[in-house]
Amino acid sequence: MAYAAFMPKEAVYSGELFSKVGFSLENVRGLAKEGFWGRLFFSLALSSAVVFLQLFTALLAAYALRAGLGLLPFYLVLMAVPAELLLVPLYGILRGLSLLDTVFALLLPFAASPFVIYLVYQAMRAVPEELLEAARLDGAGHGVLLLGILFPLVRPTLVAAGVLAFAAHWNLVLYPRVVVTDPRFWTVQTWLTDLQRKYPTDWGLLSAAALLSVLPIALLYLAFERRVVATFEEGLKG
């Protein structure tokens, strides 16, 4: 894919990928004409906003679970529900709220994630209760316990959970295609499906689009790979 993305079009169309070696930015320039960079930056901003919301709600929900809120079985059941089963009910709710074809349709349904909440809860559960009890004896309230003690201790898990949340939202294809028809709100993955429909045989252009759309999430994962692996090894033991 990376090889074809920067090859001259004539070499790709001829099928002689290895006998006609060359380098060209023609495919990248072609993506700019199709509006790729606007879709890419829109997806980056959208997925980043989703990560912020999911980490914020996960921090609050995990603290409530650790404090004794008996909803953990509810979150575990939600983790077992395939996301595709929620598509039709979500569509009906968004239509009733007149949120279809808006950025809120891509943002609000993902403001909380049972999986991210469970990861953060597991990290909080590993914090010794004696530490929190000592803080309570010193007069610490819920805000100090959450932001002053638990938040710094679970920060590595929040980073790993953020990477996973970003990847999950970045790779959505079916959901944004259903709830948004306005090209202004297409994510890069939705845009890619339209590009493939318009240029089904332009392998150089499609390869360049696929490569550049994968690059952000690949770099993000490589940067935090150890933290993600450590989170699964430590946080999912229980």
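The values are calculated or read from the model by the stated rules, or taken from the named source; none is laboratory data. It should be emphasised that the depicted structure is a prediction, and the values quoted were computed from it without experimental measurement. Here the Cβ is made from the backbone with ideal geometry for all residues, glycine too, and neighbour counts use every protein chain on show. Ligands, DNA and RNA are stripped out before the accessible areas are found, and what is left, the full protein with its side chains, is counted by its heavy atoms. Shrake-Rupley method; radii C 1.70, N 1.55, O 1.52, S 1.80 Å.
Extending each Cα 7 Å along its Cβ direction at Ala135 and Ala45, get the distance between those two points in nm, one decimal.
The two pseudo-label positions are separated by 3.5 nm.
For n ≥ 4 DSSP H runs only, could you compute -39500 (n - 2.57) per run for the chain, divide by its residues and tell me the 222 nm figure to the nearest 500? All intermediate terms of the calculation are to be shown ahead of the outcome.
Values: 14 runs with 162 residues, N = 238.
It lands at -21000 deg cm²/dmol.
Express in Å², to the nearest 10, the accessible area of Phe23 obtained by rolling a 1.4 Å probe over the protein heavy atoms while all chains stay in place.
150
So what's the net charge close to Gly148: Lys and Arg +1, Asp and Glu -1, counting the other residues with Cβ under 13 Å from its Cβ? Don't skip to the end; give the middle numbers.
Numbers: positive: Arg136, Arg155; negative: Asp138.
Taking every other residue near Gly148 into account, the sum is +1.
How much length is gained on full extension from Thr181 to Ile217, taking 0.36 nm per residue of separation minus their Cα-Cα distance?
Details: separation 36, 0.36 × 36 = 12.96 nm, distance 2.46 nm.
Full-extension gain reported as 10.5 nm.
For a protection proxy built on the mean count of beta-carbon atoms within 10 angstrom, sort 115-128, 74-87 highest first, please. The partial results should precede the final answer.
Numbers: 115-128: 20.4, 74-87: 11.6.
For the peptides 115-128, 74-87, the packing ranking is 115-128, 74-87.
Can you tell me the orientation of helix 87-96 relative to the chain, as the angle in degrees between its alpha-carbon axis and the longest Cα principal axis, to the nearest 10?
Helix 87-96 and the main axis of the chain meet at about 80 degrees.
Run the 1.4 Å probe and let me know the accessible area of Arg177, rounded to the nearest 10 Å².
Answer for Arg177: close to 90 Å² accessible.
In Å, what Kirkwood hydrodynamic radius results for the chain from the alpha-carbon pair distances? Show your work: numbers first, answer last.
Working: mean 1/r = 0.0491 Å⁻¹.
Every distinct Cα pair counted, the radius reaches 20.4 Å.
By how many degrees, between 0 and 90 and to the nearest 10, does the Cα long axis of helix 151-170 differ from the longest principal axis of the chain?
30
For a quick check of understanding: with a 1.4 angstrom probe and all protein chains in place, what accessible area in square angstrom does Leu99 have, to the nearest ten?
So the heavy atoms of Leu99 present about 30 Å² to solvent.
For the range 175-238 and the range 66-81, what is the separation of their Cα centres, given in Å?
Distance between centres, Cα-based: 29 Å.
How many times 2.2 N^0.38 Å is the alpha carbon radius of gyration of the range 29-126? Could the numbers behind the result be given before it?
Values: Rg = 16.9 Å, N = 98, 2.2 N^0.38 = 12.6 Å.
Against the empirical 2.2 N^0.38 Å value, I get 1.34 for the range 29-126.
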